[in-house]
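Read the structure below first, then the notes.
The values are calculated or read from the model by the stated rules, or taken from the named source; none is laboratory data. This structure is a prediction, so every number in the text was calculated from the model and none was measured. Positions of Cβ are generated from backbone atoms using ideal geometry, with glycine treated the same way; all protein chains shown enter the neighbour counts.
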Amino acid sequence: MAGNSSRRGAVRRSGSKKGAIVGSGGQRRKGLEGKGPTPKAAERPNHKAYKKARPAGTGRDGGGSGRGGSRPPRRERASSEIVAGRNAVVEALRAEVPVVTLYIAGRIESDDRVKEALKIAAERTIPVLETPRGELDRLTDGAVHQGLAIQVPPYAYAHPSDFVDPEAPGIPLVVALDGITDPRNLGAIIRSVGAFGGHGVVVPARRSVGMTASAWKTSAGAAARIPVAQANNLTTTLKEYRKAGFFVIGLDMDGDVDLPGLELSSEPLVVVVGSEGKGLSRLVRETCDQIVSIPMSSSAESLNAGIAAGVTLYEIARRRSGRG
């Protein structure tokens, strides 16, 4: 039986490019070659044993690029900040917030705010970059930018030990924040520290407010001269201050001492301000030498953290000046 070979088109033409395939021609030879012994689990980057074997805080290249392998630490991702919107940009520029670049959308409809932003940028020699709206949407992560945005550089934090300086003028006075997350409170406290002779502010590195554009604006320029330090562990930092001769006082509505009777005001001080809702954390409270309360009428339950710090710093400054 001839099968289908007699049917037209059933036999492949000899001139076909593909031709008859006979064997693999050695094409699979490499796949059959051995690749050596399987590496140990601790030597394979995608294995959990590899991550456990790396030193804490190092990435795959050993350069500290991640936590447990490839993810960067939480604080490192806050490299720079984009402020978007005409009002926000103009207010930030007026407050002399540090700016890397002013972004302006192409073919923008100019108004007084745009003109003022460009004028301030020219006076401060801030680079102005005309940007397509699509790119500006991407830079601002979809925020309502109105064709105007600025890039704020990362804040250069001081070290808590920088405030332990025997040659610094006046009696040392530092404010530490415990659990405060509102940048406006931080800005207000920086402003009070500058107004009443303080030397600096300490914020925890985690679960705490940082120096954002909002904090810069609220400080009304004081952030340019009052340093902010970042502490890896606030309790440990407070203990270091005590070893250096500081007294640590915490503000709380159930204090041991009323603010007008603060006898420690003439000593080197660290004033710890807790959040309005939770107050001081347990470990921080136990580290304080005294817990100080601000006398208030019974109708007021608590004060905003920024206001409480301002009242306390004023009273300390008043007593130190001899007017108490």
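What number of residues within the range 131-149 satisfy the criterion of being in a loop (DSSP other than H, G, I, E, B) and of a type in the set (A, V, I, L, M, F, W, C)?
Let us first name the residues in the range 131-149 that are in a loop (DSSP other than H, G, I, E, B), namely 132, 140-147.
Narrowing the set further to residues that are of a type in the set (A, V, I, L, M, F, W, C) leaves 143-144.
Summing the residues that are in a loop (DSSP other than H, G, I, E, B) and of a type in the set (A, V, I, L, M, F, W, C) in the range 131-149 gives 2.
Going through the range 282-300 one residue at a time, which ones are acidic (Asp, Glu) and either touching a His at 6+ places or on another chain (Cβ under 9 Å) or part of a loop (DSSP other than H, G, I, E, B) (or both)?
Quick first cut of the range 282-300, residues acidic (Asp, Glu) only: 286, 289.
Once the filter is applied, which keeps residues that are acidic (Asp, Glu) and either touching a His at 6+ places or on another chain (Cβ under 9 Å) or part of a loop (DSSP other than H, G, I, E, B) (or both), the range 282-300 yields only Asp289.
Identify all residues within the range 168-190 that are over 13 Å from Ala308 (Cα atoms) and β-branched (Val, Ile, Thr); write none if there are none.
Result: Ile171, Val174, Thr181.
Being β-branched (Val, Ile, Thr) and within 17 Å of Ala317 (Cα to Cα) narrows it down to one residue among Ile171, Ile180; which is it? Explain how you work it out, then say what you get.
Numbers: Ile180 fails: within 17 Å of Ala317 (Cα to Cα).
On inspection, the qualifying residue turns out to be Ile171.
Output the residues belonging to the range 140-178 that are closer than 18 Å to Thr101 by Cα, buried (at least 18 other Cβ atoms within 10 Å of the Cβ) and aliphatic (A, V, I, L, M).
Leu148, Ala149, Ile150, Val152
For every residue, the table says whether it meets (1) surrounded by fewer than 16 Cβ atoms within 10 Å (Cβ to Cβ); (2) free of Cβ contacts under 8 Å to residues at least 60 places away in the same chain; (3) farther than 14 Å from Ala176 by Cα; (4) among the hydrophobic types (A, V, I, L, M, F, W, C).
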| site | (1), (2), (3), (4) |
| --- | --- |
| Glu276 | no, yes, yes, no |
| Val284 | no, no, no, yes |
| Leu303 | no, yes, yes, yes |
| Ile307 | no, no, yes, yes |
| Gly310 | no, no, no, no |
| Ala317 | no, no, yes, yes |
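Inspect all residues belonging to the range 195-203 and state whether any of them is surrounded by fewer than 16 Cβ atoms within 10 Å (Cβ to Cβ) and either over 18 Å from Thr312 (Cα atoms) or acidic (Asp, Glu) (or both). Break it down stepwise before answering.
In the first step, residues of the range 195-203 are kept if they are surrounded by fewer than 16 Cβ atoms within 10 Å (Cβ to Cβ); the result is 195, 197.
Those left that are additionally either over 18 Å from Thr312 (Cα atoms) or acidic (Asp, Glu) (or both): none.
No, the range 195-203 has no match at all.
Specify the residue that is nearest to the chain's Cα centre (by Cα); the eligible residues are those in the range 150-187 that are part of a helix (DSSP H, G or I) and of a type in the set (S, T, N, Q).
So in the range 150-187, the residues part of a helix (DSSP H, G or I) come out as 160-163, 183-187.
From what is left, the residues that are of a type in the set (S, T, N, Q) are 161, 185.
Numbers: Ser161: 20, Asn185: 15 Å.
So, considering only residues that are part of a helix (DSSP H, G or I) and of a type in the set (S, T, N, Q), the one nearest to the chain's Cα centre (by Cα) is Asn185.
Considering only residues that are over 16 Å from Ala213 (Cα atoms), basic (Lys, Arg) and in a helix (DSSP H, G or I), which ones fall in the range 85-130?
Those that are over 16 Å from Ala213 (Cα atoms), basic (Lys, Arg) and in a helix (DSSP H, G or I): Arg113, Lys115, Lys119.
Given the conditions (1) modelled with pLDDT of 55 or more; (2) not in a helix (DSSP H, G or I), which single one is not true for Gly64?
The single condition Gly64 does not satisfy is (1).
Filter the range 219-239 for residues that are without any contact (Cβ under 8 Å) to a residue 40 or more places away in the chain and in a helix (DSSP H, G or I); which is nearest to Val292 (Cα to Cα)?
Looking at the filtered set, the residue picked out is Thr236.
In the range 266-281, what residues are in contact with an Asp or Glu (Cβ under 7 Å, 6 or more places away or on another chain) and outside any strand (DSSP E or B)?
Within the range 266-281, Leu280, Ser281 meet the criteria.
Go through (1) touching a Phe, Trp or Tyr at 6+ places or on another chain (Cβ under 7 Å); (2) buried (at least 23 other Cβ atoms within 10 Å of the Cβ); (3) assigned to a helix (DSSP H, G or I) one by one and return the number of the condition Ile190 breaks.
Condition (1) is where Ile190 drops out.
Would a scan of the range 240-261 turn up a residue that is buried (at least 19 other Cβ atoms within 10 Å of the Cβ), touching a Lys or Arg at 6+ places or on another chain (Cβ under 6 Å) and assigned to a helix (DSSP H, G or I)?
No, because not a single residue in the range 240-261 is buried (at least 19 other Cβ atoms within 10 Å of the Cβ), touching a Lys or Arg at 6+ places or on another chain (Cβ under 6 Å) and assigned to a helix (DSSP H, G or I).
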